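Structure record follows, encoded as structure tokens.
The values are calculated or read from the model by the stated rules, or taken from the named source; none is laboratory data. Nothing here was measured: the structure is a model prediction, and the numbers come from that model. For neighbour counting, all protein chains shown are included, and Cβ atoms are generated from backbone atoms with ideal geometry for every residue, glycine included. For the accessible areas, the whole protein counts, side chains as well, though only heavy atoms, and no ligand, DNA or RNA atoms are used. Shrake-Rupley method; radii C 1.70, N 1.55, O 1.52, S 1.80 Å.
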Amino acid sequence: WTARSVPASPWTSVTYGNGVFVAVAGSGNIMTSPDGITWTARGSSTDGWSGITYGNNTFVAVGMGTTNFVMTSTDGITWTNRSIPTSSSGAQWKSVTWGNNKFVAISDTGFNDRVMTSPDGVTWTYAQAIHNGNWSSIAYGNNLFVATATSFGGGGSSFDYVMTSSDGTTWTPRTAAVAVGWNAVVYGGGKFVAVSSSGSNRVMTSTDGITWSAHTAADASGWSSVTYGNGVYVAIAT
């Protein structure tokens, strides 16, 4: 790994699309890079951003602001704030993905509105999560959305730290391999992989998003994010 200079900010999420890397920060800042090496600040907002994805020729970022919770861009440079249903005031949208011709975002706060979907990143509709846990990450693969939570919200098995959906609207609880908080999930190489910051087994995998197996991580660190590329899974810790 090689350290790269970037504008100072608490960067929370990064994605790639349309030939550019785009990162967002909890402070509201945005930066882009064509190669991951040279980064350029692209303005900021008063709202904090926690997740970003690319799909349908559009970057979509979600956050935990006081007024704006979603913004979109076609190039990562010029951004437009988007409205969501008003009952989510105070929601903290943590993660967003693209699959099955729609964006799906999840929140770690709220009542029955901790999931929302959109065909274009502009118009959003609520869906109900299986419980009021702190949903932290979402991925799409093998025709399935899979979301993981860092805490159990009650209303089912204490192992229900995972939920799945084929359409992003109707969700089904799934039994995690270990009843610990799962910080991130990714799909690649024919399987879902999730990582945790606690427990003796801090990795779990599934080929279908339904049945999960626990694995020992390389180190008992606070694993916070995971991705897949070029035949390799890479996780990072706080």
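The table below gives the values:
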{"read-out": "Residues (of a type outside the set (Gly, Ala, Ser) and open to solvent by 40 Å² or more (accessible area, probe 1.4 Å)) located in the range 184-200", "value": "Tyr187, Lys191"}
{"read-out": "Per-region count, the range 201-234, residues assigned to a loop (DSSP other than H, G, I, E, B), open to solvent by less than 50 Å² (accessible area, probe 1.4 Å) and hydroxyl-bearing (Ser, Thr, Tyr)", "value": "1"}
{"read-out": "Some residue of the range 45-60 being touching a strand residue (DSSP E or B) at 6+ places or on another chain (Cβ under 6 Å) and either more than 30 Å from Ser166 (Cβ to Cβ) or open to solvent by 70 Å² or more (accessible area, probe 1.4 Å) (or both)", "value": "yes"}
{"read-out": "Hey, Tyr187 assigned to a strand (DSSP E or B), out of contact with any helix residue (DSSP H, G or I) (no Cβ under 6 Å at 6 or more places or on another chain), farther than 20 Å from Thr211 by Cβ and not charged (D, E, K, R) or not", "value": "no"}
{"read-out": "Whichever residue in the range 118-128 is open to solvent by less than 40 Å² (accessible area, probe 1.4 Å) and outside any loop (DSSP other than H, G, I, E, B) and, among such residues, is farthest from Asn57 (Cα to Cα)", "value": "Ala127"}
{"read-out": "Identity of the residue in the range 133-153, of a type outside the set (Gly, Ala, Ser) and part of a loop (DSSP other than H, G, I, E, B), that ends up nearest to Arg114 (Cα to Cα)", "value": "Asn134"}
{"read-out": "For Ala91: the one exception among (1) more than 15 Å from the chain's Cα centre (by Cα); (2) open to solvent by less than 50 Å² (accessible area, probe 1.4 Å)", "value": "(1)"}
{"read-out": "From the options Gly133, Gly168, Gly141, Gly153, residue that is open to solvent by less than 40 Å² (accessible area, probe 1.4 Å) and in contact with a His (Cβ under 6 Å, 6 or more places away or on another chain)", "value": "Gly153"}
{"read-out": "Test result for Asn112, open to solvent by 20 Å² or more (accessible area, probe 1.4 Å) and at pLDDT below 95", "value": "yes"}
